[in-house]
Each structure stands twice: as C-alpha cells, then as structure tokens.
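Everything on this sheet refers to the single structure shown next.
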Amino acid sequence: MGMLKDEDKKYIREQFDEKLKGPVKILLFSQKLECEYCQPTEEILTELSELSDKITLDVRNLQIDSDDAKQFGVDKVPAIILLGEQDKDYGIRFFGIPSGYEFSTLLADIIDVSNGKSDLPEKMVDKIAAIKTPVHIKVFVTPTCPYCPNAVRAAHKIAMANPRYIKAQMIESTEFPHLANKYAVYGVPKTIINERVQFEGAMPEAAVVEQVLSALEEPGA
Amino acid sequence: MEFSFSVTGPPKVDLKDSYDVVVIGGGPSGLTAAIYTSRAQLSTLVVNKGAPGGLVATTEWIENYPGFPDGVAGAELGRAMQNQAQRFGTEFASGEPEEIHLAADPKVIRVAGQDIKARAVIIATGTTPKKLNVPGEREFYGRGVSYCATCDGPFFADKELLVVGAGSSGVQESGFLAKFASKITIVEFLPTIQAERILIERFKKTGKGSFLLNQEVLAIEGEETVTGVRVRDRDSNEEKLIPAGGVFIYVGLEPQTEAFADQLKLDQWGYIEVDSNLRTNVEGVWAAGDVVSGATRQIAAAVGSGTIAAIEVEHYLSSKS
Ligand SMILES: Cc1cc2nc3c(=O)[nH]c(=O)nc-3n(C[C@H](O)[C@H](O)[C@H](O)COP(=O)(O)OP(=O)(O)OC[C@H]3O[C@@H](n4cnc5c(N)ncnc54)[C@H](O)[C@@H]3O)c2cc1C
C-alpha cells in the first residue's frame, strides 16, 4: 500500500497532465538517522514523482551533500526545494513533511514552478520584482490547519516573483518545536519576514505583499 | 505514524470571463450547489476565501452527517465535497471578490482584478466565529488566544487551557484539545451547559475537564503569551483569575455578509432573508446554508439548502434561455 489513495493519484495525474508545462525537479534533503519524518517524506515524494514524467526526485543527504545544503540554505531536514527548467531555483522551501493540507500547497507550487509563474496579479509581481535586498519569509504551519496553505502559497508566490532575492519557507511547527518556541508560535499560520515583521492568520495576498515591503523600510523611517 | 495528504486546491490559473453560475463561499452549502450545477452542465465558479469545506474543515470530527457510521474527519469531508465538485468541472478561485454587483444582468464579480460575469449567483458565505470583545483578546491572538482547535491544539501540550463557551462547538472541540492539554476548564456565561449530552459525557470521560458556569469573562491576561483569564461570577459578583496557557473561544457565530450588506435584504442580525425557494430580494441571486436567516446551522441542513438553491438556479436559467 502506498501513501496516496488510488483515486487521489488519478486526480493528481489528471491535474499534472493538464497543467504541467516544463520539468520540475523536487530536491529533497534528508538523513537516515534522527529524522523521524525523512523516510515518510521520501516515500510520498517518490509516489508523487511517479505521477508525471515531467517530475523528477533528487534525494541528497544533509551531511554528505553539505555543500549543496549550504547553497540552498538548508540546515534541517526533511527539506524540499522545487527547481524549474534548467534547475532554476524559485525560492520555494518546505521544512518538514508536506502532509495534510500542505500537500495541496506542494501540488499547487509544482504546477506554478512548471509554468514558471504563479497567478499573483501583475501589479503585485511588479512591486515584488523591484526589491533588491534579501527577503526571508518563514511561515509556520500545522498539517491540520486549513487556513495555512493560503499563507504558505502567498509567501511562495512572492518568492517566485523575485527568487534571486526572496526565499520563502514553510515550517511544520510540530517537527521543529525549538523553532516554534524561538518564534513564540502558539497559533498558525504565523508569518515572519526578515525577523522584523510578523503576523498571524492568512492575509490576502495584496496585504502580504505590503508586509514584505514594510519589512524592508529603514527602522524609524 | 499516520499521515493524510490533501490533494485539493491546485490553482485555476485562468478564469473565464463568464460563468452560468458563480457561487460565493466553498463550505458544504456552496460545494453542494456547485456539484449540482456543474453536473447539470452549467459552467460554475466557486469563489472561496476559506478552507475547502468552509467551517467543516476546522471541525476535528463529525458524527452526525449521514453516510459515515463511524464519523468522518471534518477536513476529509470538506475535501471530498470539493473533489466531487471538481470532478464535474467546477472551477475554483481562492480569495474574496473585490467587487460584487448583484443587481446587474449579467451580474459582475471582480476576482483577482478580473471582472467575471455570472447569469446567476448563489451566496453561501456562512458564518465566522464571534469574538468575545474583551481586553486582551486581540492582543494575545496567536499568542494563546485561538478560535481553531484543530489548527493550534498541538502548541498546548501539557498546558492548562480555558475554553470559553459550553455550547456543542466548545465542548466538542474541548474533547479534541484534551489530547494535548493537561487540564481544560470550560467557562460558560449561562447557568447551564448548552451542549449535546453525548458531547458532555465524552468530555467528562477525558478526566481532564471541568465546567465553570454562570461566569462572565472580563479579560484575557498575559505577558508574552496568555497566562490567565479574569472572570466574574454572575451571582456573587466575585472576580477571580483562572491560570491558563491558552484560551479557545467558541461563543457562537456571526454571518459573513458585509460584502453584500447594501445590496441584499438582511435580518436584524445580518443574515440573508430569502423566500421558501431560497431566493433573495434580488433577481438571479440565491442564498444557501448557514448565512440564510433562520437556518438550522448543521452540515446536513447546509447540504440540503445548497441542493435547493442549485435546482432553483437550474430552472431559472433554463427558463431564461
Ligand atoms: C466548531 C464547530 C463544530 C461544528 N460541528 C458540527 C457537527 O459536528 N455537525 C454538523 O452538522 N455541523 C457542525 N457545525 C456546523 C457546520 O460547520 C455548518 O453548519 C456548515 O459548515 C455550514 O456550511 P455553509 O456552507 O453554509 O458555511 P461555511 O461552512 O461557513 O462555509 C462558508 C465559506 O464561505 C467562505 N466565505 C465567506 N465570505 C466569503 C467571501 N466574501 N468571499 C469568498 N468566500 C467567502 C468562508 O471562508 C467559508 O469557506 C460545526 C460548526 C463549528 C463552528
């Protein structure tokens, strides 16, 4: 028995057939020991990658491939990065297993990466594309939080609009309690931008864009 | 370890310029309506700002929806309904319409900057949890104050929790919170517990819970995060501070009708007034589910009312063309 139900596989295959354009590489950083969620994450991604010949899975080891890990800013596992045509990095990161509602986020992200664009309105894309300093967005979630995918998707779409400068992470709170603790997460989704701006709840995309811009303002300005 | 994987929700990148039916709200009533209209080969768009399945998605476990003898996880039921609509060709847009012109013919709804025409509209926007409106509630939102046990429960492992509201929702979700919390006190304004018996008994069985009735919540207190809740006994007028690491609020629901308030006839509480066929006062606009004035606020009832609205819309559109 696989992890995905047959009917779900069929549905995903149809969605992928219809909506995928270019290739997508799922890069998974993993490790054998002391990582409860690495094995199931690899399993689900293996099943997923078998549902379209446009998708490939590339599994790396956090220690052995530490240079790669460094390059992608990976310091914990499991970590997932989606790469598009010619291994283009769109700034999309998942830390922790993309289960529950976050699996739908992963599916939607794969489709966007394959198309090289999201449905973020042009006006917002222009604002984001103009940013010339690094932005790091963290979105804390739990797999049972139905409001969380919208928050993660908003962050990932923003990263896609300017991947050179913007990286957006989903963080599964229950797998990384020390991080949840550090950022005082008691409710999800919780978004943190450049360690400066933070907010709870799923805001409309336009509002998240404004939050990103506000995180870049000079303090006191 | 067991995992579930939600497949619902890949984006619809390209919306069409016009649809036969636009459904606003993607809870059980809106999704049921969409299942019917899509299956009747009417092009259907559901615009939903919440989770697939609406409020159902935030309910941990559902036992009174027929067809599931052992009950069903709210998340799963919501997803299944959305998948069923998708299967018949319903398209989805996530978010909230920026503009809605119901009186126009065709009706115009602006979604993500795009004007979309609709021959008929079904409003199924449901309700949203009511706020207590006490000091500290807003300040500590996300730092101990929550309205969603399924979302935030895991953050309160071994903590003492306070749940406000001894209605069915509050008691049911307390049962779920008992998986994590060390102790749960349910505080109720009225002198009696309103919840269904079966829920009360189950909650008591967790051995972690107690009720505190006839109490007014005055304030939520804390420093970085919530540390306690100040209540007043409504008989003795005595005030006390109940220590709590988190507060979950279940004090009822209010309709989500601000977006149409000036276009539709609403009752004094803001619910939409309809006739026996769920028609609103505007031609070509129906309402279904919890948002309807006087509705029985249950999933099965919402499903029923989505069905009625959809069939009415089918008749209306076929008589028009
Ligand atoms: C804690 C809790 C437990 C419950 N348990 C049970 C139970 O065990 N059994 C049972 O039968 N019922 C239960 N209910 C009630 C049940 O959830 C509701 O009756 C049902 O969900 C109503 O469905 P609906 O489609 O009318 O509205 P909702 O489920 O509220 O869905 C409305 C949807 O519309 C969206 N929306 C609102 N405004 C807009 C807008 N402007 N634009 C776009 N989208 C919008 C919302 O985000 C939401 O997704 C429970 C409710 C709660 C709160």
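The values are calculated or read from the model by the stated rules, or taken from the named source; none is laboratory data. Predicted, not measured: the structure shown is a model, and the values here were computed from it. Using ideal geometry, Cβ is built from the backbone for each residue, glycine included, and neighbour counts are taken over all protein chains shown. Please note that ligands, DNA and RNA were not included when accessible areas were found on the heavy atoms of the full protein model with its side chains. Shrake-Rupley method; radii C 1.70, N 1.55, O 1.52, S 1.80 Å.
Below are the figures for this structure:
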item	result
Filter result for residue A:158 (over 28 Å from residue B:147 (Cα atoms), touching a residue at least 40 places away in the same chain (Cβ under 8 Å), more than 14 Å from chain B (Cβ to nearest Cβ) and among the β-branched types (Val, Ile, Thr))	no
Out of B:286, B:269, sole residue that is of a type in the set (A, V, I, L, M, F, W, C) and open to solvent by 50 Å² or more (accessible area, probe 1.4 Å)	B:269
Hits in region A:51-100 - residues which are within 14 Å of another protein chain (Cβ to nearest Cβ) and in contact with a Gly (Cβ under 8 Å, 6 or more places away or on another chain)	A:78
Positions within region B:179-201 being open to solvent by less than 10 Å² (accessible area, probe 1.4 Å) and either more than 14 Å from the ligand (Cβ to nearest atom) or within 27 Å of residue A:191 (Cβ to Cβ) (or both), in sequence order	B:181, B:184, B:187
Number of positions in region B:128-163 that are among the aliphatic types (A, V, I, L, M) and either assigned to a loop (DSSP other than H, G, I, E, B) or open to solvent by 10 Å² or more (accessible area, probe 1.4 Å) (or both)	3
Meets criteria (within 14 Å of another protein chain (Cβ to nearest Cβ) and either without any contact (Cβ under 8 Å) to a residue 12 or more places away in the chain or out of contact with any Pro (no Cβ under 7 Å at 6 or more places or on another chain) (or both)) for residue A:119	no
Qualifying residue in region B:151-168 (condition: under 25 Å from residue B:64 (Cα atoms), within 14 Å of chain A (Cβ to nearest Cβ), in contact with a Cys (Cβ under 7 Å, 6 or more places away or on another chain) and within 16 Å of the ligand (Cβ to nearest atom))	yes
Residue check for residue B:320: open to solvent by 50 Å² or more (accessible area, probe 1.4 Å), more than 16 Å from the ligand (Cβ to nearest atom) and out of contact with any Asp or Glu (no Cβ under 9 Å at 6 or more places or on another chain)	yes
Residue B:75 being of a type in the set (Gly, Ala, Ser), more than 19 Å from residue A:15 (Cα to Cα), buried (at least 23 other Cβ atoms within 10 Å of the Cβ) and modelled with pLDDT under 95	yes
Residue in region B:46-68 that is more than 10 Å from the ligand (Cβ to nearest atom), part of a strand (DSSP E or B) and in contact with a helix residue (DSSP H, G or I) (Cβ under 8 Å, 6 or more places away or on another chain) present	no
Residues of region B:93-127 classified as open to solvent by 30 Å² or more (accessible area, probe 1.4 Å), hydrophobic (A, V, I, L, M, F, W, C) and within 14 Å of chain A (Cβ to nearest Cβ), total	1
Single condition residue A:164 does not satisfy, out of (1) in contact with a helix residue (DSSP H, G or I) (Cβ under 7 Å, 6 or more places away or on another chain); (2) not assigned by TED's automatic domain parsing to the domain that holds residue A:23	(1)
Which numbered condition residue B:42 misses (of (1) part of a loop (DSSP other than H, G, I, E, B); (2) within 14 Å of chain A (Cβ to nearest Cβ))	(2)
Which listed residue is on the phi > 0 side of the Ramachandran plot and at pLDDT 95 or above, from B:270, B:304	B:270
Region B:234-283: number of residues that are part of a strand (DSSP E or B) and within 13 Å of the ligand (Cβ to nearest atom)	6
Residues being near the ligand (Cβ under 10 Å from one of its atoms) and at pLDDT below 95 - total across region B:114-129	2
Qualifying residue in region B:169-185 (condition: part of a strand (DSSP E or B) and touching a residue at least 60 places away in the same chain (Cβ under 8 Å))	no
